[in-house]
Amino acid sequence: MKIEFYGVRGSYPVPGKDTIIFGGNTTCVSISTEVNGKIKRLIFDCGTGVISLGKDILKNHFAQKEDLNILMFFTHLHPDHTQGFPFFAPNYFGNCNLSLFGFKTLKKHIGMVLEQEMLPPTFPIEYKDLKSKRNHYELKDADKLYISYNKYNTEKMIDSIFMIDCMQGFAPSHPQQGALYYKVTELKTGKSISCIWDIESHIGGDRRVINFIKNSDILIHDTQYTTDEYNSDKIIIQGFGHSTYEMAIENAVQGNVKELWCMHYNPNHTDEKLQKIGSDYNYINDTNVIIKLAREYMAVEM
């Protein structure tokens, strides 16, 4: 199983000389494995990072390594998690079948929100004019989904590759309608990855999250703020719906997670700032959890 980080920023893209090392694209994570020489991929969120991912998928497709039956899972529908979708290259191929998973918000499913974002005069191509075939599926808290190479079901199948567990957070602030978090288990190996971002956790640990991620091999967690920023009386960010590094570490430790991968960075945090944060936490880390900071285009093999 492989994790590839295509976008690691929160809020908005930050291209430029100060974000070359960690990257400036917004949220997009790929989790994949190989089945009989073919890549089976799950995409989590569709920020600007998905643009490069779409190009990689097409390269694989033309090399007969990956088909265009693509599964996308959305945590929520804010722009930094959807803004790459109109530029996702497979959308312009008629043999692309897209399955879009997420929860309904204000009685709107994913397709309705994406359609609104692509209406004229703000975009030159309407959602309905994309060549890809798109199906929309609603997921809710405690849902479980089994993924095989060619199909998916709520019941385990003989040829199931992945099991996906869902947890919905009902935040009182950001996102106002909550967000979906995912735990992906590769059934052949039993290895698991938990995806927890756009969450304002709790100091001392978030019990729902801890129970959900229990014994994961890897936890990818929102770390938009430092503790100093979170506790500042100059710029108030409590209630903005994002976690600190300490919150992520607390959840990882209490969830008995092997590795914590920090992500969804503050757009104001430069490469220099993130490198210092990474060095500091590696120096003071007295837990059994390995702490790492994700970088754009980084691949993690499991």
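The values are calculated or read from the model by the stated rules, or taken from the named source; none is laboratory data. Computed from a prediction, not measured in an experiment: that's the story for all the values here. Reconstructed Cβ throughout: ideal geometry from the backbone, glycine too, with neighbour counts over all protein chains shown.
Consider M167 against the criteria (1) touching a Phe, Trp or Tyr at 6+ places or on another chain (Cβ under 6 Å); (2) more than 29 Å from N256 (Cβ to Cβ): it satisfies all of them except one. Which criterion is unmet?
Of (1) touching a Phe, Trp or Tyr at 6+ places or on another chain (Cβ under 6 Å); (2) more than 29 Å from N256 (Cβ to Cβ), only one is false for M167: (2).
Would you point out the residue of region 186-197, among those that are without any contact (Cβ under 8 Å) to a residue 60 or more places away in the chain and crowded, with 20+ Cβ neighbours inside 10 Å, that is farthest from V113 (Cα to Cα)?
Of everything passing the filter in region 186-197, S192 is farthest from V113 (Cα to Cα).
Go through (1) of a type outside the set (S, T, N, Q); (2) closer than 24 Å to G7 by Cα; (3) crowded, with 16+ Cβ neighbours inside 10 Å and name the single condition I210 misses.
Of everything listed in (1) of a type outside the set (S, T, N, Q); (2) closer than 24 Å to G7 by Cα; (3) crowded, with 16+ Cβ neighbours inside 10 Å, I210 misses just condition (2).
What residue, among those in region 269-286 that are of a type outside the set (V, I, T) and not in a helix (DSSP H, G or I), is farthest from the chain's Cα centre (by Cα)?
Within region 269-286, the match that is farthest from the chain's Cα centre (by Cα) is D286.
Quick check: anything in region 142-149 among the polar types (S, T, N, Q), within 25 Å of K55 (Cα to Cα), over 20 Å from the mean Cα position of the chain (by Cα) and surrounded by fewer than 17 Cβ atoms within 10 Å (Cβ to Cβ)?
Checked against the condition, which is being among the polar types (S, T, N, Q), within 25 Å of K55 (Cα to Cα), over 20 Å from the mean Cα position of the chain (by Cα) and surrounded by fewer than 17 Cβ atoms within 10 Å (Cβ to Cβ), region 142-149 yields no hits at all.
Which residue pairs have Cβ atoms under 6 Å apart, sit 6 or more places apart or on different chains, and have a first residue in region 95-106 that is more than 20 Å from I164 (Cβ to Cβ) and a second that is part of a loop (DSSP other than H, G, I, E, B)?
Between residues of region 95-106 that are more than 20 Å from I164 (Cβ to Cβ) and residues that are part of a loop (DSSP other than H, G, I, E, B), the close pairs are N95/L68; C96/L68; C96/S132.
For region 199-212, enumerate the residues that are farther than 18 Å from T27 by Cβ, among the aliphatic types (A, V, I, L, M) and either at pLDDT below 95 or assigned to a loop (DSSP other than H, G, I, E, B) (or both).
Residue satisfying the conditions is I203 alone.
Collect the residues in region 213-238 that are surrounded by fewer than 15 Cβ atoms within 10 Å (Cβ to Cβ) and either touching a Ser or Thr at 6+ places or on another chain (Cβ under 7 Å) or not in a loop (DSSP other than H, G, I, E, B) (or both), keeping them in residue-number order.
If the condition is that a residue be surrounded by fewer than 15 Cβ atoms within 10 Å (Cβ to Cβ) and either touching a Ser or Thr at 6+ places or on another chain (Cβ under 7 Å) or not in a loop (DSSP other than H, G, I, E, B) (or both), then T227, D228 are the ones that fit.
Just wondering, is there one or more residues in region 109-124 that are among the aromatic types (F, W, Y) and either out of contact with any helix residue (DSSP H, G or I) (no Cβ under 9 Å at 6 or more places or on another chain) or modelled with pLDDT under 95 (or both)?
Yes, region 109-124 has at least one match.
Got a sec? Which of E250, E200 is surrounded by 13 or more Cβ atoms within 10 Å (Cβ to Cβ), of a type outside the set (G, A, S), under 22 Å from F103 (Cβ atoms) and touching a Gly at 6+ places or on another chain (Cβ under 6 Å)?
After ruling out the rest, the residue left standing is E200.
Tell me, which residue of region 90-141 that is small (G, A, S) and farther than 16 Å from P79 by Cα is farthest from the chain's Cα centre (by Cα)?
The extreme case among them is G94.
Somewhere in region 282-291, is a residue under 20 Å from G49 (Cβ atoms) and in contact with a Phe, Trp or Tyr (Cβ under 6 Å, 6 or more places away or on another chain)?
No, there is no match, as no residue in region 282-291 is under 20 Å from G49 (Cβ atoms) and in contact with a Phe, Trp or Tyr (Cβ under 6 Å, 6 or more places away or on another chain).
Any idea which residue in region 253-268 is surrounded by the most Cβ atoms within 10 Å (Cβ to Cβ), counting only those that are assigned to a strand (DSSP E or B) and touching a residue at least 60 places away in the same chain (Cβ under 8 Å)?
Checked region 253-268; the qualifying residue surrounded by the most Cβ atoms within 10 Å (Cβ to Cβ) is Y265.
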